[in-house]
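Visitor: Quick one: the structure is below, questions incoming.
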There are 2 protein chains.
Amino acid sequence: NHAIEFNSLFTPAFMVDVDKAKRNAQRMIELCQKLGVQLSPHMKTHKTLECADIMTGGSQRCIVVSTLAEACFYADHGYDDFLYAYSFPFDKVLSRLDLFQILLDHPDALEQLRKRPLKDAIAKTEGVELTGVYAHCGNTYYCTGVEQIQAVAQETTKLTLQFMEKLKAVGITCKSSIGSTPTCSHPVKDMAQLSEVHPGNYVFFDVQQSTIRSCCPEDVAVRVLTRVIGHCPHRNQLLIDCGWPGISLDGAGKLPTGYAVIEGHPNLKLLSMTQEHGRVEPISGQLDYSKYPLGSLLTLIPVRSCATAVMHPVYHVHSKGRLVGKWTPTRGW
Amino acid sequence: NHAIEFNSLFTPAFMVDVDKAKRNAQRMIELCQKLGVQLSPHMKTHKTLECADIMTGGSQRCIVVSTLAEACFYADHGYDDFLYAYSFPFDKVLSRLDLFQILLDHPDALEQLRKRPLKDAIAKTEGVELTGVYAHCGNTYYCTGVEQIQAVAQETTKLTLQFMEKLKAVGITCKSSIGSTPTCSHPVKDMAQLSEVHPGNYVFFDVQQSTIRSCCPEDVAVRVLTRVIGHCPHRNQLLIDCGWPGISLDGAGKLPTGYAVIEGHPNLKLLSMTQEHGRVEPISGQLDYSKYPLGSLLTLIPVRSCATAVMHPVYHVHSKGRLVGKWTPTRGW
């Protein structure tokens, strides 16, 4: 049974429930179809070929990447239509730039390329085409609840569309793209006037997204499997074999349960970590060590799946309780 | 010249000054020779073959590892004498355990192996040999200055030697090993009575170690090279291309300069990061943007080199200002 299969993994292990990931991806595809905007899924959370295929519905087109390493990885595997969504000053990758679209947010950046001023000059610079306007709406991560998320979605959409009007007034027509998993999970009607959206985290989700209400807790597709490796009754603590390279330090100070949520054990807190150890204590009361024998498995739900995924060189993929494969993400820059 | 060579690197890039690393390693070898204890260097900070060779003085013997991935990596490359310095309950790697020494800190762990009680039973269990007693003295990381470090070294040594006496009294003779880069960088005389020491970070050092006074700031052998990618005068900030996967979140709240020290710019603070951006602002006053043109390089000194190194799939190695190679660490568990 699956308990035996999972028990065979070396821990800490990053686990992906592929059925949940597919369901999350399908829901976003349908939301965008209904809205009538192009979905350009962002790859930065997972950085795998398998998940890119799931998020593009098999089309393998219109993806967004955050690093040149991702760009090269996807280009090497047949992707030929993507945006390198990163504002950078060109000096480092000039010779490869004809491959993909990039971002500009400062006149000096273009000047380094062509020694010309920004704005309408972009559209007129030889060999450079203004393809669109890109906004992230990262302020949704301070929201709680659908109403607040939709207020940010409305405001970002309004500002973006106003800017598109200004461009149009000076004769420039191009695409408009806004992002963030919270806004795209709860789109407002006016977003239909945008060309595309570029969310990314939604394929995995995490505790932060379910706290914001981008998703239900049941939608979170990823976990870190860890083992109890020590009993410390003098400190009323357990030791687990997940240190900060297994879950990341991103969760610091965000949750009463510490650096993660320990699934099925709402009274446990991941208090602190060393490189290869995590210290777990009860939020209140005394630990019953008989419930946590040495070698037993615990399951951590990441606060931010982007931060946790990046720590793992391999993802263990499961479906209906069985291990079905491994995914290998690209890393570096 | 080296400025042009370094400018060719994609950033963020993890940089190792191999001359400093060799000097740090040689100094520790000499300290241990003088003291008359075996040096068993810990591999967890760098996880590379090249640095293991430097730290063992080319002997490629007596190393300490923190993960099974490291153990396999070094075993695959000819290392046959190492300690897996990790207390774990055996269920996960039982079939491979004959390869190396492991740690026990609980009777249940041994019981899972042999269903027998701990202590003198270890020495008598068939196929199991008690090779030594291992202590880390991680409390040195709360020290400042050589005097405090040596007080911890003295106390740890005293307690360890007292425990060895108790073992001897019941007929058990075995090795004693204490660790931590601070104590081994400033050993006390009584440490000569131990069998070995197992520091690891010293080959790289970092801001934390120089703050503790394990080393001088000039001894820190690693950096993260990053580029200025944005000017944000409305926030009095620079953007750099180093987010949390480039430097780690480990430095949070430890330094007035934020998540790192920005070399040569003591008034700059790495305030916060997203996945691929760092926000830099002056500790006081207004930024002079002409000093930080788009595309220019800045150099970050990591607060904790263990935490920063683990984020990078490749290390760029330089000597006397020239790039001389790349090291590829092992990752995972």
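Visitor: Calculate the length of the line joining the C-alpha centroid of the stretch A:137-196 to that of the stretch B:135-200, in whole Å.
Guide: Taking the Cα centre of each part, the stretch A:137-196 and the stretch B:135-200 sit 60 Å apart.
Visitor: Evaluate peptide A:243-254: per residue, the Cβ atoms of other protein chains within 10 Å of its Cβ; return the mean as an integer.
Guide: Average per residue, whole number: 4.
Visitor: With 25 Å as the limit, write out which pairs from A:168/A:189; B:44/B:189; A:20/B:47; A:291/B:175; B:44/B:326; B:168/B:189 have Cα-Cα distances beyond it, or answer none.
Guide: B:44/B:189; A:20/B:47; A:291/B:175
Visitor: Take the alpha-carbon centre of the stretch A:285-326, take the same for the stretch B:9-71, and report the distance between them in whole Å.
Guide: 31
Visitor: Short version: what are the Cα gyration tensor semi-axes of the protein assembly as shown, square root of 5 times each eigenvalue, largest first, in whole Å?
Guide: Each semi-axis is √(5λ); the values are 46, 30, 21 Å.
Visitor: Here's another thing I want to ask about it. How many nm is it between the label spots at residue B:38 and residue A:193, if each spot is 7 Å from the Cα in line with the beta carbon?
Guide: About 7.5 nm, to one decimal.
Visitor: Run the accessible area of chain A with a 1.4 Å probe and give the carbon-and-sulfur part as a rounded percent.
Guide: Reported share for carbon and sulfur atoms: 52 percent.
Visitor: Relative contact order for chain A using alpha-carbon pairs under 8 Å, separation at least 6, rounded to a whole percent?
Guide: This gives 22 percent for chain A.
Visitor: Please compute how much accessible surface disappears when B pairs with A, both sides summed, using a 1.4 Å probe, and round it to the nearest 100 Å².
Guide: Interface area, both chains combined: 3900 Å², rounded to the nearest 100.
Visitor: Using the basic label-point model (7 angstrom from Cα toward the beta carbon), what is the residue A:155 to residue B:154 distance in nanometres?
Guide: Each label point lies 7 Å from its Cα, and together they span 6.0 nm.
Visitor: Using alpha carbons only, how many degrees (0 to 90, rounded to 10) separate the axis of helix B:18-35 from the longest principal axis of chain B?
Guide: With rounding to tens, the tilt is 30 degrees.
Visitor: At a probe size of 1.4 Å, how large is the accessible area of residue B:62, to the nearest 10 Å²?
Guide: Rounded to the nearest 10, that gives 30 Å².
Visitor: Separate question: Quick one: in chain B, whose Cβ comes closest to the B/A rotation axis, and how close in angstrom?
Guide: That would be B:249, 2.
Visitor: I've got another one for you. Binned at 20 Å from 0, what are the whole-percent values of the Cα-Cα distance distribution for chain B, short to long?
Guide: Here the calculated profile for chain B is 29, 52, 17, 1.
Visitor: Give me the one-decimal nm value for the distance between modelled label points at residue B:254 and residue A:218, 7 Å along each residue's Cα-to-Cβ direction.
Guide: Modelled inter-label distance: 4.3 nm.
Visitor: I've got another one for you. Hey, what number do you get for chain B at 222 nm if only DSSP H runs of n ≥ 4 count, each worth -39500 (n - 2.57), divided across all residues, to the nearest 500?
Guide: -8000 deg cm²/dmol
Visitor: Which order do peptides A:158-165, A:256-263 fall in by mean Cβ count within 10 Å, highest first?
Guide: Most protected by this proxy first, the peptides run A:256-263, A:158-165.
Visitor: So, one more: Report the calculated FRET efficiency for residue B:267 and residue B:129 (r = Cβ-Cβ distance, R0 = 60 Å), to the nearest 0.05.
Guide: So, using R0 = 60 Å, E works out to roughly 0.60.
Visitor: Provide the packing ranking of A:220-230, B:264-274, i.e. peptides ordered by the mean count of other C-beta atoms within 10 Å per residue, highest first.
Guide: A:220-230, B:264-274
Visitor: Could you pull out which residues in the stretch A:130-145 have an amide N less than 15 Å from a spot 7 Å beyond the Cα of residue A:172, following the Cα-Cβ vector?
Guide: Counting backbone N atoms under 15 Å from the label point, the list is A:130-135.
The values are calculated or read from the model by the stated rules, or taken from the named source; none is laboratory data. Note that the structure is predicted; figures quoted are calculated from it, not measured. Heads up, the Cβs are rebuilt from the backbone with ideal geometry, glycines too, and the neighbour counts pull from every protein chain shown. Calculation scope for accessible area: heavy atoms of the full protein, side chains included, ligands and nucleic acids excluded. Shrake-Rupley method; radii C 1.70, N 1.55, O 1.52, S 1.80 Å.
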